[in-house]
Amino acid sequence: MSYTVSLAKCGSYNQSEVDSSAGKLLDNLGGISKFIKKGQKILLKPNVVSAMRPEEAGTTHPAVVEAVIKILKEQNCEILIGDNPFSEDAIGAMKTCGIYSVCKKNGVEIAVFDKKINALNEKALVVREFPLTHYFNEVDTIINIPKLKTHSQLYFTGAVKNLYSIMP
């Protein structure tokens, strides 16, 4: 099985540089319209593990979140941003890491993962039901925006571990 990966250099978190790099990443893959249709309802899932300032480099940087928001707004998407931090309330953690102000600036709704649904996969061989945030059934697409970092237990988690918190 082959996968396509897109890379673009970005030397800082300067918003215009991040915007440009995010655009290049998507252009390399065929553009956002290859993945997202105009007017869809999208849940952005950044990594807001706890209340950390952007310079602590433990959460998705707000400039990256804003770059994705701008791209989706060009598609006239309805955008929500949510996470379920382990130690703090979601709003407090988003305020500290800068994502809250990006949401307010861009008119994006914050999704607090406080209700769950049981998602059923009848074709599964072992686990057929997963508790997920209720937003799972309310959006057309979830876009994972993880923070590339190492992890004390797993050494490197890539983008997979970031999705754990959609299970409230």
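The values are calculated or read from the model by the stated rules, or taken from the named source; none is laboratory data. Bear in mind that the values here come from a model prediction, so they are computed numbers and not experimental data. SASA here: full protein model, heavy atoms, side chains in, ligands and nucleic acids out. Shrake-Rupley method; radii C 1.70, N 1.55, O 1.52, S 1.80 Å.
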Problem - Whole-number accessible area per residue in Å² for region 21-120, which is evaluated in the context of all protein chains at 1.4 Å - result: 47 Å²
Exercise for the section: Could you look at region 9-168 and say what percent of its accessible area is carbon and sulfur, using a 1.4 Å probe and all protein chains? Expected result: 53 percent
Practice task
Using a 10 angstrom cutoff on alpha carbons, build the Gaussian network for the chain and name the most mobile of ILE145, ILE32, ILE79.
Solution key: ILE32
Exercise for the section: Please tell me which of these pairs span more than 22 angstrom C-alpha to C-alpha: LYS45/LYS104; LYS34/LYS73; LYS70/LYS105; LYS24/LYS70; LYS95/LYS147; LYS38/LYS115? Expected result: LYS38/LYS115
Handout entry: Extension gain (nm, one decimal) between VAL160 and GLU78, 0.36 nm per residue minus Cα-Cα
Key = 27.1 nm
Exercise for the section: Quick one, could you list the DSSP H helices from the chain stretching 18 Å or more along their long axis (Cα atoms) with average Kyte-Doolittle hydropathy of -1.0 or above? Expected result: 15-28
Practice task
Read through the labelled values (i) 24, 20, 18; (ii) 33, 24, 17; (iii) 24, 22, 13 and report the label of the one computed as semi-axes √(5λ) of the Cα gyration tensor in Å from the structure.
Solution key: (i)
